[in-house]
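Let me begin by presenting the structure, written as C-alpha cells, before commenting on it.
The values are calculated or read from the model by the stated rules, or taken from the named source; none is laboratory data. What you see is a predicted model, and the numbers here were worked out from it, not measured in a lab. We place every Cβ from the backbone using ideal geometry, glycine too, and count neighbours over all the protein chains shown.
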Amino acid sequence: MVKETFTRRDFVISATKVLAVGILAPAGALPAARRISALETAQQTPVPQLWRGKEWSFLIDIEKCIGCANCVGACKKENGVPLDQEVYRTWVERYLVDSNEKVRVDSPGGGLNFRQLDIKPEKQFFVPKLCNQCHNAPCIQVCPVGATYKTGDGVVLVDRKRCIGCRYCIQACPYGARFLHPILKVADKCTWCYHRISKGMLPVCVQVCPTGARKFGNLKDPDSEVATLKKKARTRVLKPDMGTKPNLYYLGLDEVVK
Amino acid sequence: MPFYVFPNEIEVNWGLFIVLYPYITGLVAGAFIVSSLYHVFGKSELKPLSRLSLITALAFLFVAPMPLLAHLGQLFRAFNIMFTPHLTSAMAGFGFIYSFYLILCLLETWFIYREDIVHYASTSKGFTKVFYNILSLGAKDISPTALNTDHKVVSILAAIGIPSACFLHGYVGFIFGSIKANPWWSTPLMPVIFLLSAIVSGIALLILIYRVSSWLRRQEMDLPCLMSLNRYLWVFLLLASVLELLEVLHMGYESKEEWDMVRGLLTNEIPVTYLGVQMGFGVLIPLVLLPFGRWRRLSAGIRQLLTIISGALVLIGVLAMRFNVVIGGQLISKSLAGYAQFHWRLFSNEGIIPSLFILSLPLLILSAMVRVLPPWMGGAEGPKKDSMVTPFNIKLQPKASGNK
C-alpha cells in the first residue's frame, strides 16, 4: 500500500537516500586516498637511503657530439623501446645552417638513419635530446592520477602500474620527450636509466658515447665532472621561458635550437 | 623556415575521439542552459523545449565519457581518476564534475517527470506499470502541495545546474588552455570560448532536434519558440566568434615567437576546416542568415528554413572548431619548426566510422527516452502538454488531479 501523502519529511528522507547513493561512489575513494597520504608522510620523514647525498644532473657538450647515434640505439635496447617504431627516449638532431642563416633540421630514425647531404652548410652540429627531468615539470602537474612523480634524487619517473594512458603528459611536455609506449600503452620517457644509476652505473647513453659528449653525475659531489663544469662553464637549458627549470644543461648550444 | 617535427611527434596523440569529447560535453552544457532559460529565467516562449532540452542534455551526457574511455591506453584503470586523483591536474576533476552533473541532471529530470510517471504508473498495466512504479521511486503523492514542492526543487536544481554546466564545459576549455607547451591552446580565453561555443552548439542542436521531432510527430513547430532560439543563437554566436577572433588577433598583433607557427597552421595546414567550415560556414553565414530568419516580412516557412539551415551550419561549424583546436593544436610541432600530419582513418580505433557511431549514440538514446518520458509540450499559450502524448502508446484515462 503506497502512502497517500508525501510530506516534506518524506521528501527530505527520499532526497537523503538519493544523495547517499550519489556520494557512495566517490566515498569508495577514501581508503585509497588514505593509503596515498600515508605513503607521502613516509616520504617526508626520513630520506630514503638511495637518495641521500644525491642530486643527479646531465650535461651535453655540443662540440663533442659527432652524431653517431650510438646512444639512440643503445637506449632503445636497454630500455625496451621498440626499435622499429617512431618513439624515442633519446634522439639526435642534426642542424645545418647555410650562409643565408637558413636552418635545416632533421633526425631521421631519431638519428639512426642520418645520410650524407650534398649541401655545404656554413655551420653544422648535432644536438642530442632527452628528458630534461625538469625541477618544475609540467608532466607531473597534469597527470590526473599521480602516475608521474619526482624522486628525491631529481629524476622524473612514470609508474607503469598507475598510468592510465590518457596522454595528457605527452601534450604538456614542451620538449617532445614523452610518448605512449606502443606495447605497454602507458606513458614512457627517459629515466636517465634509473635502474642503472641507482646501482652506481652510468646511463647507457653516457656509457656508449665515444666522445664523452654526454656527461652525467651527482651535483652534490663537488668533484664530479658535471658539478665542476656547471660551476665553471657557460651552460644553457632548452626553452627557459617555459619556466620548467630543466635539469639537463648544454655546453655550446646554438640559439636556433628549440 | 625549416621543416622539422620531434621524432616522438610523428603520431598525433589525441585523435577524433578527443575531438568528440568537448563537442559532446558542449552540446550537454548548451542544451541544459536552454532548459534553464525556461526553468530558472522563466522564458516561457521556450516552453515547448523545456523538457526536450533537458533529456537531450541527459542523453548526450550518458555518452560524454565514452570517447574518453575508449581513448585510454589502460581502460581498466579509468576509475583511478576518482580513486587516486592528483589534484594539480585539471583532468583529475573530470570524474567528480561529471558525476555531480549527472546526478544533478537525473534528479532534475525525475522531479520534472514525477507527476507524469505517477500518472503513467496508475494508468498502465503489467510490465509497464512495474517499470513506472520503479521509476517513481515510491514517491506517489501528486497533490498540489507536493507538485508545488517538485516545482520549487526543479527551479533550485536548474539554478545550481547553470554554474555547473558552465563549470563542466569551462573546465574542458581549461584542460586545453592550461597547456603552456602548445601555443595554439595556451590562452586564458579558452574556457570562455569553449563555454560560449558550447551554448551555441546546444541551441543549434535543439533547433534541429525540434525540427526533426516535429516532423516525425507531424506537428507544427511553435514559431515564437523557434524565433527565441534564433535570437539566443545569434547573440551567443556573435560573442563566441568575437572571442575566437580576438584570440587570433591578439596573437598576431603581439607576433611572439609562436605566431609564425599559428599563422602557418591556420592558413596552410587547416585552412579548409578553420577558415572555411568553422569561420565561414559556422559563423559568417549563420550570422547573416539568422537575422533574416527573424524578419517578419518573410513568410513563416522561409523564416523556419533560414533558422534551421543556420542551426545545421553552426552545429557543423562547432564540430570543426573542436577539430581545429584539438587536432590543429597537435599539428604544431613543439620544435616550432614544422607540422605533424594528421591521418584520417576510416575504421580503426578513433577512425571516422567509430566516431560517427559515438556521435549517433546520444540520438538513439534520446529516441528511446522520448518513448519512456515524452517531453512534448505545447507553446506558451497552449495547453500544458500535448494531450495526444503517451509513452509506449498507452491509452491514458483522464487525469484525476487535472492540469495545473
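Might you check whether a residue that is over 21 Å from residue B:152 (Cα atoms) and not aliphatic (A, V, I, L, M) occurs anywhere in the stretch B:49-58? Yes, there is a match, as at least one residue in the stretch B:49-58 is over 21 Å from residue B:152 (Cα atoms) and not aliphatic (A, V, I, L, M). In the stretch B:1-41, the qualifying residues are those that are of a type in the set (Phe, Trp, Tyr) and more than 10 Å from chain A (Cβ to nearest Cβ), and the one that is nearest to residue B:159 (Cα to Cα) is B:41. Screening A:198, A:224 for residues that are in contact with a strand residue (DSSP E or B) (Cβ under 8 Å, 6 or more places away or on another chain) and either closer than 20 Å to residue A:135 by Cβ or of a type outside the set (Asp, Glu) (or both) leaves exactly one candidate, A:224. Residues that are of a type outside the set (Gly, Ala, Ser) and either closer than 19 Å to residue B:40 by Cβ or outside any helix (DSSP H, G or I) (or both) within the stretch B:115-144 comprise B:125, B:137, B:140, B:141, B:142, listed in sequence order.
Only one of the numbered conditions (1) touching a Cys at 6+ places or on another chain (Cβ under 9 Å); (2) surrounded by fewer than 20 Cβ atoms within 10 Å (Cβ to Cβ); (3) at pLDDT 95 or above is violated by residue B:73, and that is (3). Checking B:263, B:296 one by one, the residue that is among the charged types (D, E, K, R) and under 25 Å from residue B:19 (Cβ atoms) is B:263 and no other. Scanning the stretch B:261-279 for any residue that is without any contact (Cβ under 8 Å) to a residue 24 or more places away in the chain, crowded, with 20+ Cβ neighbours inside 10 Å and closer than 30 Å to residue B:213 by Cα turns up nothing. Checking each residue in the stretch B:175-189 for being more than 11 Å from chain A (Cβ to nearest Cβ) and either touching a residue at least 60 places away in the same chain (Cβ under 8 Å) or surrounded by fewer than 20 Cβ atoms within 10 Å (Cβ to Cβ) (or both) picks out B:184, B:187, B:188, B:189.
Looking at the stretch A:141-258, the helices (runs of 4 or more DSSP H) lying wholly inside it that each contain 1 or more residues that are within 14 Å of chain B (Cβ to nearest Cβ) sit at A:168-172.
Criterion applied to A:92, A:87, A:72 was being part of a helix (DSSP H, G or I), under 30 Å from residue A:219 (Cβ atoms) and touching a residue at least 12 places away in the same chain (Cβ under 8 Å), and the one residue passing it is A:72. When the residues of the stretch A:85-136 are filtered to those that are of a type in the set (D, E, K, R) and within 30 Å of residue A:154 (Cβ to Cβ), the one that is nearest to the other protein chains (Cβ to nearest Cβ) is A:86.
Residue by residue, here is whether (1) farther than 30 Å from residue A:186 by Cβ; (2) among the charged types (D, E, K, R); (3) more than 8 Å from chain A (Cβ to nearest Cβ); (4) buried (at least 20 other Cβ atoms within 10 Å of the Cβ) holds:
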site	(1), (2), (3), (4)
B:78	no, no, no, no
B:81	no, no, no, yes
B:92	no, no, no, yes
B:111	yes, no, yes, yes
B:123	yes, no, yes, no
B:146	yes, no, no, yes
